[in-house]
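Report on the following structure.
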Amino acid sequence: MGKLIGITKTKVAVFISGNGSNLKNLIKHSLKKDSQFIIKLVISSNSKAKGLQYARKFKIKKKSINYNNILNAEKHINDELIKNYIDLICLAGFMKILTKNFIKKFKGKIINIHPSLLPKYKGLNTHQKVLENKEKFSGCTVHFVNSKLDAGKIILQKKVPILKNDNPEKLAKRILKQEHLLYPKALKKIIARL
Ligand code: GRF
């Protein structure tokens with residue numbers, strides 16, 4: 001944790017692979033006067049990720065990781081986390097699966113946002129599956145990461161109703177809006193207990 005004018009701020013690394021709208025939103029929240037966290041590092045599994053533009057814009061240190069070899073990739077990530085004294089990892093659209101060893105090393109310090117009401121609809125293509133199953137609700141979940149996919153302890157969830165003419169794109173968009181409210185709230189909740 002870093003001391004900042006009497007306030008201890010949690011040092012966060014955000015892991016992305018794509019658009020980075022959650023990253024952008026977390027940066028926005030981190031810049032609020034009373035924010036309890038500071039984003040120190042952005043890790044991307046993809047050097048062309050659109051989200052990297054936000055690290056550039058807000059002058060946050062960023063690293064694109066070559067994932068040709070997963071163990072080398074995680075060694076590189078681990079070194080960056082240590083070097084930057086990171087307290088907490090926020091996965092936000094990170095499309096790589098972390099190894100058991102990596103997760104063990106940062107136990108209780110990795111959280112993820114998933115666009116469904118876990119434990120329902122783990123994995124990919126959630127919106128399509130939700131619509132095919134004619135669910136009445138979907139939503140989003142922030143949870144701790146453990147060695148099973150999308151299965152760690154739930155921190156917060158938000159329900160989103162399915163509308164008559166929904167398609168995966170429309171639903172994704174409405175859920176993403178809720179994600180942007182939920183992720184900062186979840187951070188606040190767990191930072192108090194770190
Ligand atoms: C979000 O829907 C998140 O729940 C999922 O991947 C998407 C990432 O969106 N894990 P963005 O890159 O933050 O815009």
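The values are calculated or read from the model by the stated rules, or taken from the named source; none is laboratory data. Predicted model, so just to flag it, every value in this text is computed and none were measured. A quick note on method: Cβ atoms are made from the backbone with ideal geometry, for glycine too, and the neighbour counts reach across all protein chains shown.
Here are the numbers for the structure shown:
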{"item": "Candidate set: the stretch 109-134, residues that are within 16 Å of residue 97 (Cα to Cα), crowded, with 18+ Cβ neighbours inside 10 Å and among the hydrophobic types (A, V, I, L, M, F, W, C); chosen: the one nearest to the ligand (Cβ to nearest atom)", "result": "113"}
{"item": "Filter result for the condition that a residue is surrounded by fewer than 19 Cβ atoms within 10 Å (Cβ to Cβ), among the polar types (S, T, N, Q) and farther than 24 Å from residue 24 by Cβ, over 78, 84", "result": "78"}
{"item": "Test: residue 94 is assigned by TED's automatic domain parsing to the domain that holds residue 191, under 17 Å from residue 179 (Cα atoms) and among the hydrophobic types (A, V, I, L, M, F, W, C)", "result": "no"}
{"item": "Residue within the stretch 91-99 that is away from the ligand (no atom under 14 Å from the Cβ) and without any contact (Cβ under 8 Å) to a residue 12 or more places away in the chain present", "result": "no"}
{"item": "2 or more residues modelled with pLDDT of 95 or more and not assigned by TED's automatic domain parsing to the domain that holds residue 190: qualifying strands (runs of 3 or more DSSP E) within the stretch 1-47", "result": "7-16, 37-44"}
{"item": "In the stretch 31-62, the residues that are polar (S, T, N, Q) and within 15 Å of the ligand (Cβ to nearest atom)", "result": "44, 45, 46, 53"}
{"item": "Residue in the stretch 64-80 that is within 16 Å of the chain's Cα centre (by Cα) and charged (D, E, K, R) present", "result": "no"}
{"item": "Any chance residue 61 is charged (D, E, K, R) and either in the same structural domain as residue 178 (by TED's automatic domain parsing) or buried (at least 20 other Cβ atoms within 10 Å of the Cβ) (or both)", "result": "no"}
